[in-house]
Amino acid sequence: MAQAQAGAAGDVVDELTQDHHKALDTLAQVASDRTHLQERRNLIDTVIGEVVRHAVAEEMYVYPVMRERFDDGADIVSHDAEEHAQLERVMKELEKTDPGEEKFENLLEQMTHALRHHAEEEETHQFPRLRAHVDPDTLQKMREQVDQAKQIAPTRPHPNAPNSEVFHKVAGPGVGMIDRMRDRLSDRLSS
């Protein structure tokens, strides 16, 4: 994956790139330790929450800009939303699977592969285009919007919910509130 561009620290591209790297590092940590099952459960729950929040924030504030500014933006956004949906389906299964089961290993591998592919596409193709088509002040504002969206976004995958800006802005805060209540009641770790 491409590294964050030097000299542009603090914008939405940097934040989303950091999210990718952090999630992939956590998934590698889960894959490397098959003995501490509760730690694996905590880590996978945490990374699922972070990936869901990241995806929702992208769908709310990054994808609309890509759709508007790129000639092929509608196609790119459609493709990315389908990748998010695929990730959500895998994450939903991971939530329900015991970390000691072989199925967990297969799902972990699927999630890692799908997330790595998605991150590489964004970092290699889409993020450089964002920087080329969007001024630095707007990229900074987008980071602030993404940060705010993550605070209210759901923390659990909802694969049957629409992956759309409107849905996330209208229903997302309520779904996020319910998810955070469920997280607290189940002592699920989240940031």
> Which condition breaks for G100 when tested against (1) in contact (Cβ under 8 Å) with a residue 12 or more places away in the chain; (2) in a helix (DSSP H, G or I)?
Replying inline: (2)
>> From the list A55, A81, exactly one residue is among the small types (G, A, S) and surrounded by fewer than 19 Cβ atoms within 10 Å (Cβ to Cβ). Which is it?
In response: A81
>> For the stretch 13-33, which positions are closer than 12 Å to F127 by Cα and loosely packed, with under 14 Cβ neighbours inside 10 Å?
In response: none
> Out of curiosity, is R116 within 23 Å of D11 (Cα to Cα), of a type in the set (D, E, K, R) and within 17 Å of the chain's Cα centre (by Cα)?
Replying inline: yes
>> Just to be sure before I move on: is D45 among the acidic types (D, E), modelled with pLDDT under 95 and in contact with a helix residue (DSSP H, G or I) (Cβ under 9 Å, 6 or more places away or on another chain) in the structure I sent?
In response: yes
>> Could you go through the stretch 126-138 and let me know if any residue there is outside any helix (DSSP H, G or I), modelled with pLDDT of 95 or more and not hydrophobic (A, V, I, L, M, F, W, C).
In response: yes
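The values are calculated or read from the model by the stated rules, or taken from the named source; none is laboratory data. None of the values given here were measured: they were computed from a predicted structure. Every residue, glycine among them, receives a Cβ derived from its backbone with ideal geometry; neighbour counts consider all protein chains shown.
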